[in-house]
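Down below is the structure, laid out as C-alpha coordinates.
The values are calculated or read from the model by the stated rules, or taken from the named source; none is laboratory data. Computed from a prediction, not measured in an experiment: that's the story for all the values here. Positions of Cβ are backbone-derived with ideal geometry, glycine not excepted, and every protein chain shown enters the neighbour counts.
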Amino acid sequence: MQAVASDRGHGVWIGERDGVAHFNGTRWSFYTSADGLGGDDVRAITVAPDGAAWFGTENGLTYWGKDQTATYRFTGDERWNRVTALQELGEDLWVGTQGGLVQISPAGETYYTRADGLPGDFVTALAADPSGRLWIGTWGGGVAVFEEGQRVSYAFSTGRYNYVLDLAVGGNKVWMMSPSGLMIFDLETEAWTPYQKITPFRASCRTVNELMRGYARCKCVLIVAMTTVTSPASVPIARRS
(Lines give C-alpha, C1' and ligand atoms only; values in the text may rest on other atoms or scores of the structure.)
Protein backbone atom coordinates (compact mmCIF):
# COMPACT_ATOMS: atom_id res chain seq x y z
CA MET A 1 0.00 0.00 0.00
CA GLN A 2 1.45 3.34 -1.10
CA ALA A 3 -1.53 5.71 -1.07
CA VAL A 4 -5.07 5.81 0.32
CA ALA A 5 -7.96 8.18 -0.40
CA SER A 6 -11.69 8.00 0.31
CA ASP A 7 -14.10 8.78 -2.49
CA ARG A 8 -17.39 10.69 -2.34
CA GLY A 9 -19.47 7.53 -2.09
CA HIS A 10 -17.95 6.13 1.13
CA GLY A 11 -15.59 3.92 -0.84
CA VAL A 12 -11.81 3.90 -0.81
CA TRP A 13 -8.99 3.95 -3.38
CA ILE A 14 -5.72 2.18 -2.58
CA GLY A 15 -2.56 2.71 -4.62
CA GLU A 16 -0.17 -0.21 -4.99
CA ARG A 17 3.02 -0.92 -6.90
CA ASP A 18 1.01 -2.99 -9.37
CA GLY A 19 -2.02 -0.77 -9.92
CA VAL A 20 -4.90 0.72 -7.97
CA ALA A 21 -7.75 -0.96 -6.10
CA HIS A 22 -11.20 0.46 -5.34
CA PHE A 23 -13.60 -0.78 -2.68
CA ASN A 24 -17.17 0.55 -2.97
CA GLY A 25 -18.41 -0.95 0.28
CA THR A 26 -19.38 -4.32 -1.14
CA ARG A 27 -16.82 -5.35 -3.74
CA TRP A 28 -13.28 -4.71 -4.96
CA SER A 29 -12.22 -3.54 -8.42
CA PHE A 30 -8.61 -3.47 -9.68
CA TYR A 31 -7.09 -1.31 -12.43
CA THR A 32 -3.68 -1.22 -14.11
CA SER A 33 -2.01 0.49 -17.05
CA ALA A 34 -3.95 -1.89 -19.28
CA ASP A 35 -7.11 -0.10 -18.10
CA GLY A 36 -5.77 3.40 -18.71
CA LEU A 37 -3.43 4.23 -15.82
CA GLY A 38 -0.30 6.11 -16.81
CA GLY A 39 1.73 3.52 -14.92
CA ASP A 40 1.17 0.62 -12.56
CA ASP A 41 3.17 2.14 -9.68
CA VAL A 42 0.50 4.35 -8.05
CA ARG A 43 2.17 6.57 -5.47
CA ALA A 44 -0.44 9.26 -4.76
CA ILE A 45 -4.23 9.66 -4.93
CA THR A 46 -6.66 12.52 -4.47
CA VAL A 47 -10.39 12.67 -5.19
CA ALA A 48 -12.06 15.79 -6.60
CA PRO A 49 -15.43 17.11 -5.34
CA ASP A 50 -17.16 15.67 -8.43
CA GLY A 51 -15.88 12.19 -7.55
CA ALA A 52 -13.17 12.02 -10.20
CA ALA A 53 -9.86 10.63 -8.99
CA TRP A 54 -6.31 11.73 -9.77
CA PHE A 55 -3.54 9.13 -9.60
CA GLY A 56 0.15 9.95 -9.38
CA THR A 57 2.20 7.26 -11.10
CA GLU A 58 5.82 6.72 -12.13
CA ASN A 59 4.75 7.67 -15.65
CA GLY A 60 2.64 10.80 -15.28
CA LEU A 61 -0.59 12.04 -13.71
CA THR A 62 -3.76 10.10 -14.52
CA TYR A 63 -7.27 11.59 -14.42
CA TRP A 64 -9.95 8.97 -13.72
CA GLY A 65 -13.42 10.38 -14.34
CA LYS A 66 -16.82 8.78 -14.77
CA ASP A 67 -16.70 8.95 -18.57
CA GLN A 68 -13.08 9.83 -19.28
CA THR A 69 -9.58 8.63 -18.46
CA ALA A 70 -6.49 10.55 -19.46
CA THR A 71 -2.81 10.73 -18.49
CA TYR A 72 -0.89 14.00 -18.45
CA ARG A 73 2.87 14.21 -18.75
CA PHE A 74 4.85 17.28 -17.73
CA THR A 75 7.59 18.98 -19.67
CA GLY A 76 11.23 18.62 -18.73
CA ASP A 77 13.12 15.48 -17.83
CA GLU A 78 11.49 12.28 -16.66
CA ARG A 79 11.75 13.20 -12.98
CA TRP A 80 8.77 15.54 -13.49
CA ASN A 81 6.62 12.58 -14.55
CA ARG A 82 7.42 10.50 -11.47
CA VAL A 83 4.53 11.78 -9.39
CA THR A 84 4.90 11.26 -5.64
CA ALA A 85 2.25 13.45 -3.96
CA LEU A 86 -1.05 15.21 -4.71
CA GLN A 87 -3.05 17.89 -2.90
CA GLU A 88 -6.12 19.85 -3.94
CA LEU A 89 -6.30 23.40 -2.60
CA GLY A 90 -9.06 25.70 -3.78
CA GLU A 91 -9.28 25.50 -7.57
CA ASP A 92 -5.71 24.26 -7.87
CA LEU A 93 -4.19 20.79 -7.94
CA TRP A 94 -0.66 20.64 -6.54
CA VAL A 95 1.53 17.83 -7.85
CA GLY A 96 4.71 16.70 -6.13
CA THR A 97 7.28 14.98 -8.33
CA GLN A 98 10.88 13.87 -8.18
CA GLY A 99 11.79 16.96 -10.21
CA GLY A 100 9.89 19.58 -8.23
CA LEU A 101 6.39 20.91 -7.56
CA VAL A 102 3.69 21.65 -10.17
CA GLN A 103 0.68 23.90 -9.57
CA ILE A 104 -2.18 23.16 -11.97
CA SER A 105 -4.68 26.02 -11.98
CA PRO A 106 -7.33 27.35 -14.38
CA ALA A 107 -4.59 29.65 -15.73
CA GLY A 108 -2.23 26.77 -16.55
CA GLU A 109 0.79 25.07 -15.02
CA THR A 110 3.43 26.64 -12.78
CA TYR A 111 6.64 24.80 -11.92
CA TYR A 112 8.63 25.21 -8.70
CA THR A 113 12.12 23.94 -7.89
CA ARG A 114 14.83 24.80 -5.40
CA ALA A 115 15.46 27.95 -7.41
CA ASP A 116 11.90 29.09 -6.59
CA GLY A 117 12.07 28.53 -2.85
CA LEU A 118 11.70 24.79 -2.37
CA PRO A 119 14.22 23.31 0.10
CA GLY A 120 14.66 20.35 -2.26
CA ASP A 121 13.52 19.30 -5.73
CA PHE A 122 12.38 15.79 -4.77
CA VAL A 123 8.90 16.38 -3.31
CA THR A 124 7.67 13.44 -1.22
CA ALA A 125 4.51 14.69 0.51
CA LEU A 126 1.87 17.44 0.38
CA ALA A 127 -0.80 18.59 2.83
CA ALA A 128 -3.06 21.62 3.34
CA ASP A 129 -3.82 23.13 6.75
CA PRO A 130 -7.07 24.89 7.82
CA SER A 131 -5.61 28.30 6.92
CA GLY A 132 -5.11 27.24 3.32
CA ARG A 133 -1.34 26.94 3.55
CA LEU A 134 0.37 24.25 1.50
CA TRP A 135 2.89 22.06 3.35
CA ILE A 136 5.56 20.46 1.20
CA GLY A 137 7.78 17.62 2.33
CA THR A 138 11.02 16.95 0.48
CA TRP A 139 13.62 14.20 0.47
CA GLY A 140 16.67 15.62 2.22
CA GLY A 141 15.60 19.27 2.33
CA GLY A 142 13.04 19.33 5.12
CA VAL A 143 9.65 21.04 4.92
CA ALA A 144 8.39 24.14 3.11
CA VAL A 145 5.17 26.12 3.58
CA PHE A 146 3.58 28.15 0.76
CA GLU A 147 1.03 30.85 1.59
CA GLU A 148 -0.08 33.63 -0.77
CA GLY A 149 3.34 34.16 -2.25
CA GLN A 150 5.19 33.74 1.04
CA ARG A 151 7.51 30.76 1.42
CA VAL A 152 8.98 29.44 4.63
CA SER A 153 11.12 26.33 5.04
CA TYR A 154 12.23 24.31 8.07
CA ALA A 155 15.46 22.30 8.20
CA PHE A 156 16.24 19.90 11.05
CA SER A 157 19.83 19.52 12.27
CA THR A 158 19.51 16.13 13.98
CA GLY A 159 18.89 12.67 12.58
CA ARG A 160 17.12 12.19 9.28
CA TYR A 161 14.09 14.41 9.90
CA ASN A 162 14.81 16.28 6.65
CA TYR A 163 13.91 13.12 4.72
CA VAL A 164 10.13 13.49 4.79
CA LEU A 165 8.11 10.32 4.21
CA ASP A 166 4.62 11.71 4.68
CA LEU A 167 2.58 14.68 5.94
CA ALA A 168 -0.93 14.92 7.36
CA VAL A 169 -2.99 17.61 9.07
CA GLY A 170 -5.29 16.84 12.00
CA GLY A 171 -6.16 18.16 15.44
CA ASN A 172 -4.72 21.61 14.63
CA LYS A 173 -1.36 19.96 14.05
CA VAL A 174 0.83 18.96 11.12
CA TRP A 175 2.17 15.43 11.43
CA MET A 176 5.42 14.63 9.64
CA MET A 177 6.90 11.14 9.36
CA SER A 178 10.61 10.63 8.71
CA PRO A 179 13.16 7.81 9.05
CA SER A 180 14.13 9.32 12.42
CA GLY A 181 10.56 9.25 13.73
CA LEU A 182 7.56 11.53 13.98
CA MET A 183 7.69 15.33 14.09
CA ILE A 184 4.56 17.32 15.04
CA PHE A 185 4.04 21.04 14.31
CA ASP A 186 1.51 22.90 16.47
CA LEU A 187 -0.36 25.39 14.27
CA GLU A 188 -1.19 27.59 17.28
CA THR A 189 2.24 27.82 18.91
CA GLU A 190 4.16 27.28 15.64
CA ALA A 191 6.52 24.92 17.44
CA TRP A 192 7.86 21.52 16.38
CA THR A 193 7.97 18.55 18.76
CA PRO A 194 9.99 15.44 17.79
CA TYR A 195 9.04 11.88 18.73
CA GLN A 196 11.47 9.05 18.10
CA LYS A 197 10.39 5.85 19.84
CA ILE A 198 7.69 4.42 17.63
CA THR A 199 7.81 0.62 17.57
CA PRO A 200 7.69 -1.10 15.18
CA PHE A 201 8.61 1.43 12.48
CA ARG A 202 9.82 0.87 8.96
CA ALA A 203 10.89 3.81 6.87
CA SER A 204 9.62 2.18 3.69
CA CYS A 205 6.04 2.66 4.84
CA ARG A 206 4.62 6.15 4.25
CA THR A 207 1.59 5.85 6.49
CA VAL A 208 0.87 9.03 8.46
CA ASN A 209 -2.45 9.49 6.65
CA GLU A 210 -3.41 5.90 7.41
CA LEU A 211 -2.44 6.43 11.05
CA MET A 212 -4.62 9.55 11.20
CA ARG A 213 -7.59 7.90 9.50
CA GLY A 214 -7.41 4.63 11.39
CA TYR A 215 -6.29 2.35 8.58
CA ALA A 216 -4.35 -0.74 9.64
CA ARG A 217 -3.81 -2.57 6.36
CA CYS A 218 -0.37 -1.36 5.35
CA LYS A 219 1.72 -4.15 3.87
CA CYS A 220 4.65 -3.38 6.15
CA VAL A 221 2.38 -3.74 9.19
CA LEU A 222 2.88 -0.41 10.90
CA ILE A 223 1.40 -0.55 14.40
CA VAL A 224 1.74 2.58 16.50
CA ALA A 225 1.06 2.49 20.23
CA MET A 226 0.93 6.16 21.18
CA THR A 227 1.61 5.30 24.82
CA THR A 228 5.11 4.19 23.81
CA VAL A 229 5.94 7.35 21.87
CA THR A 230 8.38 9.53 23.76
CA SER A 231 9.86 12.92 22.99
CA PRO A 232 13.68 13.18 22.93
CA ALA A 233 15.77 16.22 23.68
CA SER A 234 15.10 19.22 21.45
CA VAL A 235 16.07 18.97 17.80
CA PRO A 236 17.77 22.11 16.39
CA ILE A 237 15.56 23.62 13.68
CA ALA A 238 16.48 26.29 11.15
CA ARG A 239 13.61 28.44 9.83
CA ARG A 240 14.19 30.19 6.51
CA SER A 241 11.88 32.64 4.74
Which of (1) over 23 Å from Thr46 (Cβ atoms); (2) buried (at least 24 other Cβ atoms within 10 Å of the Cβ); (3) among the β-branched types (Val, Ile, Thr) does Val152 not meet, given it meets every other one? (2)
Kindly indicate which of Ala48, Ala3 is farther than 17 Å from Lys66 by Cα, at pLDDT below 95 and under 21 Å from the mean Cα position of the chain (by Cα). Ala3
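Per-residue answers, yes or no, for (1) at pLDDT 95 or above; (2) over 30 Å from Thr75 (Cβ atoms); (3) surrounded by fewer than 20 Cβ atoms within 10 Å (Cβ to Cβ); (4) assigned by TED's automatic domain parsing to the domain that holds Gln98:
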| residue | (1), (2), (3), (4) |
| --- | --- |
| Phe122 | yes, no, no, yes |
| Pro130 | no, yes, yes, yes |
| Gly141 | no, no, no, yes |
| Gly159 | no, yes, yes, yes |
| Gly181 | no, yes, no, yes |
| Trp192 | no, yes, yes, yes |
